[in-house]
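The values are calculated or read from the model by the stated rules, or taken from the named source; none is laboratory data. Nothing here was measured: the structure is a model prediction, and the numbers come from that model. No Cβ is skipped: glycine too gets one built from the backbone with ideal geometry, and neighbour counts run over all protein chains shown. For the accessible areas, the whole protein counts, side chains as well, though only heavy atoms, and no ligand, DNA or RNA atoms are used. Shrake-Rupley method; radii C 1.70, N 1.55, O 1.52, S 1.80 Å.
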Amino acid sequence: MRSTTRTFLLWLKIRRYRRASEQGFSRLAETRLVERSLREQEAELRSLMEGALVFGRDITERKRMEELLAAHEREFRSLAENLPDIIVRFDCEGRRTYVNGAHERFTGRPPETFLGKTVLEISAFSMEQHTYHEQIRQAIETGRDSDVEWKARGSDGIQRTFHTRLRLERDANGKVLGLLAVARDMTEVYEYRSKIHQLAYFDTLTGLANRAQFNERILQELQQAGQEGSRVGVLMMDLDRFKTINDTFGHVTGDQLLCEVARRLEASVRATDTVARLGGDEFIIVAPHVRNAAELRGLADRILSTVAAPMQLEGRALVVQASIGIAVYPDHGDATEQLVRYADGALYHAKETGRNNVQFYTRDITDNATERLRLEADLRRGIARGELDVHYQPLIDLATGCIVGAEALLRWLHPELGWIPPSDFIGIAEETGLIVPIAEQVMRKACSVVCRWNSWQEGQRHIAVNLSPSQFHLSHLPTVVQRVLHDTGCRPEWLELEITEGLLLVNHATTLDTLNALNQMGVRIAIDDFGTGYSALGYLTRFPFATLKIDRSFTQSATGCPKNRVLVEAIVAMAHGVGLTVVAEGVETRELADWLAGIGCDMGQGYLWSSAVPADTLLEMETHAGGSLASCHDVVPVQSYLARKSR
Ligand code: C2E
Ligand code: CA
Ligand code: CA
């Protein structure tokens, strides 16, 4: 080939590809390949240009040049035709002068249908053609390139989203010749993007807003409220005993429950409120434009009653209750972090006051929260330093007056605060998981004590140990018990484990399995605090209980009120009916003890005989009493430091 021709053709090729690249093909692999060879050829071109001056022109040469031009035209066309992007060229009147293969593939119609026609005359896709026509017209009129986005339905009926570059084509003098529209299908990219957005801003389990979205929303709401002078409520909610439910029924049910709660929450709030899940069973609601506290309380009450309605999960009817703590902008604070902390403090207070409860933030709550944190730190330190001890409260056989056993009760001798009752720290121990090591220690000490007790004085006394629900689920209880019995040499029948109804509320196969396993080991199970909870009698036969302990408040209520006396009598009769031993707790008077003995109650426990005492005192007490009926009754109540305090 003559150099002139090659020069010209190369120049032409470079120009075309450059244009094509400007028009939007630059990101395509094909284009990149072409560009690479282009650079190489450009260098070649430069040397040829110099040579071209030397050679003359002739007709044959021009012809060959035209042929080659046509060949390159085909080459270029093939590239444009096979691109996945839709390409349409418009003239200055907005009429199509070219449509590529992707256009034909998408519309399912041949180019002839569209050529020479405007978008208004014939629409290629089922889309808003007026808007598109207007965008084309404007670009040509203003001489400005633009990028537009449109959704269109192709011949397959599937809607797709296109990002379209509208690029003007000009002649050498810059005069607009027409417009090139390059439309790229962005459907998948957008779907992907929306998935990422979903992951970043929504809770994957419940589909509620997540913490990130909550943070953004509350910031917006607080800013707006600041400008308008309105109030924003922050409601922190969590489910009562969710952990127990989750541990007992398993995570699948736990997850379903959270989803159902999320659904109910969304149904109870106003359209302007944001419900978010912060994690676990912790939900938070941002309620803007609140007029007063009553309105927020109304919202909170509505939420609580909606959540508490029975739900069916995997064929089981479950009832969950929740508690809510509320902080209000600007009354309680003006920063997100502060409001959330205050709402959380109020929630904690709500739980303490009794579950299924709503509490507003008050100054006292922060004081309490600070105190709690201090107590938690102290408790960790206390455990490490061995400040926790176990005391024992004797159990008296009401018929004989003899001490037949004792209940192990945890005591904490705080270096500054003195004796701290378990009610003040068991809750923290449970929440922090510290209960697990504590509980094993208690059981270990109690078992050693009962061994000493029974070998010291020939006998079959038993020791009762309290179990907390979380401990029940966290550790594999039968294994722990087995280990403790083995290590201490305690016989299983000397150990009684006290559980409360709270554990049974979420009655489940694993609870029953664990209790059965313990029962089969020969360990006795007692139901504690009977009369304070639901006292569903069905539990008594369904679970392998040996003992029923009537709660202190219930026993004591029998003293003054004949109706309650009838109730206590009924409980004793019924428990005996199903073969349980009955213990009355909180017996403080001789009169009550005599009455209980009269109705056939088996055992008593209370300050009448003794409060909880150190192990050595317990062993001495028995020695002094000598095991006889008379001397047992003569046991002088031992006034321990703690009993004096708690009275
Ligand atoms: P509880 O199991 O119902 O224990 C009986 C509580 O009543 C004890 O309080 C005891 O000192 C008190 N009490 C006994 N007799 C009388 C009486 O005649 N009058 C009055 N007014 N009170 C009496 P304490 O020791 O403060 O224990 C409170 C609760 O702490 C216990 O209630 C039990 O639920 C829990 N607890 C104690 N030790 C442990 C433990 O080692 N593990 C677990 N998980 N919980 C424990
Ligand atoms: Ca108990
Ligand atoms: Ca009790």
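Looking at Asn466 and the list (1) within 13 Å of ligand 2 (Cβ to nearest atom); (2) open to solvent by less than 20 Å² (accessible area, probe 1.4 Å), which single condition is not satisfied?
Of (1) within 13 Å of ligand 2 (Cβ to nearest atom); (2) open to solvent by less than 20 Å² (accessible area, probe 1.4 Å), only one is false for Asn466: (2).
Looking at the structure I just gave you, is Arg461 surrounded by fewer than 19 Cβ atoms within 10 Å (Cβ to Cβ) and charged (D, E, K, R)?
No.
Of the residues in the stretch 352-379, how many are touching a Ser or Thr at 6+ places or on another chain (Cβ under 8 Å) and surrounded by fewer than 20 Cβ atoms within 10 Å (Cβ to Cβ)?
Total meeting the criteria: 4.
Looking at (1) within 16 Å of ligand 1 (Cβ to nearest atom); (2) modelled with pLDDT of 95 or more; (3) among the charged types (D, E, K, R), which is the one condition that is false for Glu501?
Here Glu501 meets the rest and fails (2).
If Gly386 meets every condition in (1) open to solvent by 40 Å² or more (accessible area, probe 1.4 Å); (2) modelled with pLDDT of 90 or more; (3) outside any loop (DSSP other than H, G, I, E, B) apart from one, which number is that one?
In the conditions (1) open to solvent by 40 Å² or more (accessible area, probe 1.4 Å); (2) modelled with pLDDT of 90 or more; (3) outside any loop (DSSP other than H, G, I, E, B), Gly386 misses (3) alone.
I'd like the full set of residues that are open to solvent by less than 50 Å² (accessible area, probe 1.4 Å) and either small (Gly, Ala, Ser) or over 21 Å from Leu503 (Cα atoms) (or both), limited to the stretch 339-351. Give the derivation first.
Step one: of the stretch 339-351, the residues open to solvent by less than 50 Å² (accessible area, probe 1.4 Å) are 339-340, 342-343, 345-347, 350-351.
Correct list: Leu339, Val340, Tyr342, Ala343, Gly345, Ala346, Leu347, Ala350.
Suppose we filter the stretch 243-299 for residues that are among the polar types (S, T, N, Q), in a helix (DSSP H, G or I) and over 17 Å from the mean Cα position of the chain (by Cα); how many remain?
Looking only at the stretch 243-299, we keep the residues that are among the polar types (S, T, N, Q), and these are 244, 246, 248, 253, 256, 268, 272, 274, 292.
Filter again for in a helix (DSSP H, G or I), leaving 244, 246, 248, 253, 256, 268.
Restricting the remaining residues to those that are over 17 Å from the mean Cα position of the chain (by Cα) gives 248, 268.
Final tally of qualifying residues: 2.
Output yes when any residue across the stretch 571-582 is open to solvent by less than 30 Å² (accessible area, probe 1.4 Å), touching a residue at least 24 places away in the same chain (Cβ under 8 Å) and over 21 Å from Asn466 (Cα atoms), and no when none is. Give the derivation first.
Kept after step one, since they are open to solvent by less than 30 Å² (accessible area, probe 1.4 Å), are these residues of the stretch 571-582: 571-572, 575, 580, 582.
Still in the list and also touching a residue at least 24 places away in the same chain (Cβ under 8 Å): 571-572, 575, 580, 582.
Going one step further and asking which of them are over 21 Å from Asn466 (Cα atoms), we end up with 571-572.
Yes - at least one qualifying residue is present in the stretch 571-582.
I'd like to know if the stretch 211-218 contains one or more residues that are of a type in the set (Lys, Arg) and either within 15 Å of Ala335 (Cα to Cα) or open to solvent by less than 30 Å² (accessible area, probe 1.4 Å) (or both).
Filtering the stretch 211-218 for residues of a type in the set (Lys, Arg) gives 211, 217.
Going one step further and asking which of them are either within 15 Å of Ala335 (Cα to Cα) or open to solvent by less than 30 Å² (accessible area, probe 1.4 Å) (or both), we end up with 217.
Scanning the stretch 211-218, I find at least one residue that is of a type in the set (Lys, Arg) and either within 15 Å of Ala335 (Cα to Cα) or open to solvent by less than 30 Å² (accessible area, probe 1.4 Å) (or both), so the answer is yes.
Suppose we filter the stretch 410-421 for residues that are buried (at least 21 other Cβ atoms within 10 Å of the Cβ) and within 16 Å of ligand 3 (Cβ to nearest atom); how many remain? Write out each step before concluding.
Here is the first cut: in the stretch 410-421, the residues buried (at least 21 other Cβ atoms within 10 Å of the Cβ) are 410, 412, 420.
Now restrict to residues that are within 16 Å of ligand 3 (Cβ to nearest atom): 410.
Going through the stretch 410-421 one residue at a time, the tally reaches 1.
Answer with yes or no whether Glu458 is outside the structural domain of Gly254 (by TED's automatic domain parsing), farther than 21 Å from Glu588 by Cβ and within 16 Å of ligand 2 (Cβ to nearest atom).
On the way: outside the structural domain of Gly254 (by TED's automatic domain parsing): yes; farther than 21 Å from Glu588 by Cβ: yes; within 16 Å of ligand 2 (Cβ to nearest atom): no.
It is false that Glu458 is outside the structural domain of Gly254 (by TED's automatic domain parsing), farther than 21 Å from Glu588 by Cβ and within 16 Å of ligand 2 (Cβ to nearest atom).
From the list Leu296, Leu257, Leu318, exactly one residue is crowded, with 18+ Cβ neighbours inside 10 Å and more than 21 Å from Val340 (Cα to Cα). Which is it? Walk me through it before giving the result.
On the way: Leu296 fails: more than 21 Å from Val340 (Cα to Cα); Leu318 fails: crowded, with 18+ Cβ neighbours inside 10 Å.
Every option except Leu257 fails the conditions.
Can you name every residue in the stretch 188-211 that is assigned to a helix (DSSP H, G or I) and at pLDDT 90 or above?
Taking the stretch 188-211 as the starting set, the residues that turn out to be assigned to a helix (DSSP H, G or I) are 188-201, 211.
Hit for the stretch 188-211 is Arg211, nothing else.
Which residue, of Leu347, Leu395, is in contact with an Asp or Glu (Cβ under 7 Å, 6 or more places away or on another chain) and over 30 Å from Trp595 (Cβ atoms)? Walk me through it before giving the result.
On the way: Leu395 fails: over 30 Å from Trp595 (Cβ atoms).
That would be Leu347, the only listed residue that is in contact with an Asp or Glu (Cβ under 7 Å, 6 or more places away or on another chain) and over 30 Å from Trp595 (Cβ atoms).
Confirm whether Val613 is buried (at least 21 other Cβ atoms within 10 Å of the Cβ), away from ligand 3 (no atom under 16 Å from the Cβ), hydrophobic (A, V, I, L, M, F, W, C) and over 26 Å from Gly538 (Cβ atoms). Lay out the reasoning, then the answer.
Details: buried (at least 21 other Cβ atoms within 10 Å of the Cβ): yes; away from ligand 3 (no atom under 16 Å from the Cβ): yes; hydrophobic (A, V, I, L, M, F, W, C): yes; over 26 Å from Gly538 (Cβ atoms): yes.
Answer is yes for this residue.
Could you tell me how many of the residues in the stretch 596-608 are open to solvent by less than 10 Å² (accessible area, probe 1.4 Å), within 16 Å of ligand 2 (Cβ to nearest atom) and assigned to a loop (DSSP other than H, G, I, E, B)? Before you say what the answer is, go through the steps one by one.
First pass over the stretch 596-608, keeping only residues open to solvent by less than 10 Å² (accessible area, probe 1.4 Å): 596, 601, 604-606.
This time we only want the ones that are within 16 Å of ligand 2 (Cβ to nearest atom), so: 604-606.
Narrowing the set further to residues that are assigned to a loop (DSSP other than H, G, I, E, B) leaves 605-606.
Going through the stretch 596-608 one residue at a time, the tally reaches 2.
Scan Glu141, Glu81 and give me the residue that is over 48 Å from the mean Cα position of the chain (by Cα), surrounded by fewer than 18 Cβ atoms within 10 Å (Cβ to Cβ), assigned to a helix (DSSP H, G or I) and modelled with pLDDT of 90 or more.
Values: Glu81 fails: modelled with pLDDT of 90 or more.
Testing whether each residue is over 48 Å from the mean Cα position of the chain (by Cα), surrounded by fewer than 18 Cβ atoms within 10 Å (Cβ to Cβ), assigned to a helix (DSSP H, G or I) and modelled with pLDDT of 90 or more leaves just Glu141.
Among Thr97, Thr118, which is the only one that is more than 17 Å from Arg153 (Cα to Cα), part of a loop (DSSP other than H, G, I, E, B), in the same structural domain as Asp156 (by TED's automatic domain parsing) and not charged (D, E, K, R)?
One residue alone meets the criteria, Thr118.
Do we find that Glu591 is more than 23 Å from Asn466 (Cβ to Cβ), within 16 Å of ligand 1 (Cβ to nearest atom) and either at pLDDT below 95 or not charged (D, E, K, R) (or both) in this structure?
yes
Working carefully through the options Gly405, Gly333, find the one that is free of Cβ contacts under 8 Å to residues at least 60 places away in the same chain and either assigned by TED's automatic domain parsing to the domain that holds Ala446 or closer than 29 Å to Arg291 by Cβ (or both).
Going through Gly405, Gly333 in turn, just one is free of Cβ contacts under 8 Å to residues at least 60 places away in the same chain and either assigned by TED's automatic domain parsing to the domain that holds Ala446 or closer than 29 Å to Arg291 by Cβ (or both): Gly333.
Would you mind listing the helices (runs of 4 or more DSSP H) fully within the stretch 512-595 where at least 3 residues are among the hydrophobic types (A, V, I, L, M, F, W, C)? It would help to see each step written out before you state the result.
Details: elements: 538-542, 552-560, 562-577.
Hits in the stretch 512-595: 562-577.
Please state which of the following conditions Asp185 fails to meet, knowing it meets all the rest: (1) touching a strand residue (DSSP E or B) at 6+ places or on another chain (Cβ under 9 Å); (2) more than 20 Å from Arg109 (Cα to Cα).
With respect to (1) touching a strand residue (DSSP E or B) at 6+ places or on another chain (Cβ under 9 Å); (2) more than 20 Å from Arg109 (Cα to Cα), Asp185 is out only on (2).
From the list Thr244, Thr253, Thr248, exactly one residue is more than 19 Å from Arg355 (Cα to Cα), touching a helix residue (DSSP H, G or I) at 6+ places or on another chain (Cβ under 7 Å) and in the same structural domain as His349 (by TED's automatic domain parsing). Which is it? Outline the logic, then answer.
Details: Thr244 fails: more than 19 Å from Arg355 (Cα to Cα); Thr253 fails: touching a helix residue (DSSP H, G or I) at 6+ places or on another chain (Cβ under 7 Å).
It is Thr248.
Would the stretch 491-509 turn up any residue that is more than 16 Å from ligand 2 (Cβ to nearest atom) and closer than 24 Å to Arg380 by Cβ?
Step one: filter the stretch 491-509 for residues more than 16 Å from ligand 2 (Cβ to nearest atom), giving 491-494, 505-509.
If we keep only those that are closer than 24 Å to Arg380 by Cβ too, we end up with none.
No - not one qualifying residue is present in the stretch 491-509.
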